[in-house]
Amino acid sequence: METENKNVRPFGLRDKIGYMFGDFGNDFTFIFASSFLMVFYTKVLGISGGMVGTLFLVARFVDAFTDVTMGRIVDSFKPGKDGRFRCWIRRMCAPVAIASFLMYQTGLAGAPMWLKIVYMYVTYLLWGSIFYTSINIPYGSMASAITADPNERTALSTARSIGATLAGLVIGVLTPLFIYTTDADGYQIIRPGGVFTIVAGIFSVLAILCYLVCYALTTERVKVQKNTAEEKRNFISTFGGILKSRALLGIICAAIFLMLSQLLINSMNNFLYPEYFRNAAGISVYTTVNTIIMLAVVAPLSVPISKRVGKKEASTVGMLLSAAVLLVLYFLRVDNIWLFMALSGVGLLGMNFFNTVIWANITDVIDDEEVKNGQREDGTVYAVYSFARKVGQALAGGVGGWALDIIGYQSGVRVQTDAVIQGIYTTATLVPGIGFLLVALVLWFVYPLNKKRVEQNVACLRERHHGKD
């Protein structure tokens, strides 16, 4: 059960800015890893793409335990003086940043392969499965404690997406300019030296600063009450009950396919532009275009469109648009970089809209569970969803890494064959296009929380909570 604390300042711009900075901090390590960790492992350390893809899948099996465990910890532990969720941001911001920095140590390039693989597994699991989980689960769950109003939660979701977009802009635009250089023959290569380590260190410091801003500006004003002894469920019954939720299963499936497709695009862009278009600066331009579309078009329209049409309804149409554009790009085999970017920009509209409102979908799912079961388990529900996103991340890395092996990509080789280059193009367009189509189908046929049902749930909980005041 949740009750709103009326003795604190009302929800406002300060909360939205603070929550935005939280995902800014998250993505200084998450987007950096999603976009460039494969590049670091294959092109700097010389580890095969298949080996890296296997690492990502192994890590997700570990996450199946750590994510849900952290969710249960958040739901079960006594809240701190600074809230049930904010306290974890303060505690874990430094560990997650340091663990991220440790992954990108260029000094290992000359080490034996067995040592590089062991170090890769240890540092990646330390960052992703332990420390990132310990800060991301409370951060994501915190939205339902900042406000109980569905429109304000959509505004928080939009603010979070803006934070991720800004982080993506900084990472996507600046990183290629630092890590890539052009050799005497005009080929794009990784800049020699410790540039990856330096960039990772800068992003880790920025992540800590952003987390601290989030901690300082947000306020938990909705107190989530612990369930009574009669209402408490053990771990097995809680987890089993959650997995029976059609709403949660629907958004989980949609999130897996979304993350697979989106992160596969980000990952393959680091091979597509340098190898296919022979222009690594295209990565920065692509990121800039994505940011402009997000900030100038999608973010201002997300709340009014969701309020008028519904998050499920608008997201389904958006994902169909993204799928159609990528499939058209695959069949056209576009070799003009500017035409490719222009068409991609149109496709980004749909993907970015769903990305903008998806965090509000999670609070809708949490509300739906409380309406049906009388249980409010924000941390556990969010943990299950977070694990699903990591599965999508792993599949993106796995598919990308295995695809590189299948098409014959050679780590450390300056010039790839034409067949390999065409295979990169196929992986960067056809696979995410199919993934986006699957997202749309899941949203429409599986996920049940349309506009009408969300409004009914909000009204039901408002009446239920006010009746207990």
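The values are calculated or read from the model by the stated rules, or taken from the named source; none is laboratory data. Note that the structure is predicted; figures quoted are calculated from it, not measured. So basically every Cβ, Gly included, is an ideal-geometry build from the backbone, and we count neighbours across all protein chains shown. These area figures cover heavy atoms from the full protein model, side chains too; ligands, DNA and RNA do not enter into them. Shrake-Rupley method; radii C 1.70, N 1.55, O 1.52, S 1.80 Å.
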Exercise for the section: Can you confirm whether the stretch 148-155 contains a residue that is out of contact with any strand residue (DSSP E or B) (no Cβ under 9 Å at 6 or more places or on another chain), open to solvent by 40 Å² or more (accessible area, probe 1.4 Å) and of a type in the set (S, T, N, Q)? Expected result: yes
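Select from the stretch 95-112 the residues that are aromatic (Phe, Trp, Tyr) and either surrounded by fewer than 16 Cβ atoms within 10 Å (Cβ to Cβ) or in a helix (DSSP H, G or I) (or both) and list them in ascending order.
If we filter the stretch 95-112 for residues that are aromatic (Phe, Trp, Tyr), which is where we start, we get 101, 104.
Correct list: Phe101 only.
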Problem - Candidate set from the stretch 35-82 (those that are surrounded by 22 or more Cβ atoms within 10 Å (Cβ to Cβ) and among the small types (Gly, Ala, Ser)); member that is nearest to Ser267 (Cα to Cα) - result: Ser35
Practice task
Tell me, please, whether a residue that is assigned to a helix (DSSP H, G or I), out of contact with any helix residue (DSSP H, G or I) (no Cβ under 6 Å at 6 or more places or on another chain), modelled with pLDDT of 80 or more and over 27 Å from Gly71 (Cβ atoms) can be found in the stretch 402-413.
Solution key: yes
Exercise for the section: Would you confirm whether any residue within the stretch 179-186 is in contact with a strand residue (DSSP E or B) (Cβ under 9 Å, 6 or more places away or on another chain), open to solvent by less than 40 Å² (accessible area, probe 1.4 Å) and either within 25 Å of Lys311 (Cα to Cα) or assigned to a helix (DSSP H, G or I) (or both)? Expected result: yes
Exercise for the section: Select from the stretch 239-270 the residues that are open to solvent by less than 10 Å² (accessible area, probe 1.4 Å) and more than 21 Å from the chain's Cα centre (by Cα) and list them in ascending order. Expected result: Ile242, Ser245
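Listed here are the residues, each with its yes/no results for (1) part of a helix (DSSP H, G or I); (2) in contact with a helix residue (DSSP H, G or I) (Cβ under 6 Å, 6 or more places away or on another chain); (3) free of Cβ contacts under 8 Å to residues at least 60 places away in the same chain.
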site	(1), (2), (3)
Val303	yes, yes, no
Ser322	yes, yes, no
Phe331	yes, no, yes
Leu339	yes, no, yes
Gly350	yes, yes, no
Glu370	yes, no, no
Tyr382	yes, yes, no
Ala396	yes, yes, no
Problem - Of all residues making up the stretch 310-347, the number that are more than 24 Å from the chain's Cα centre (by Cα) and either aromatic (Phe, Trp, Tyr) or closer than 19 Å to Ala440 by Cβ (or both) - result: 6
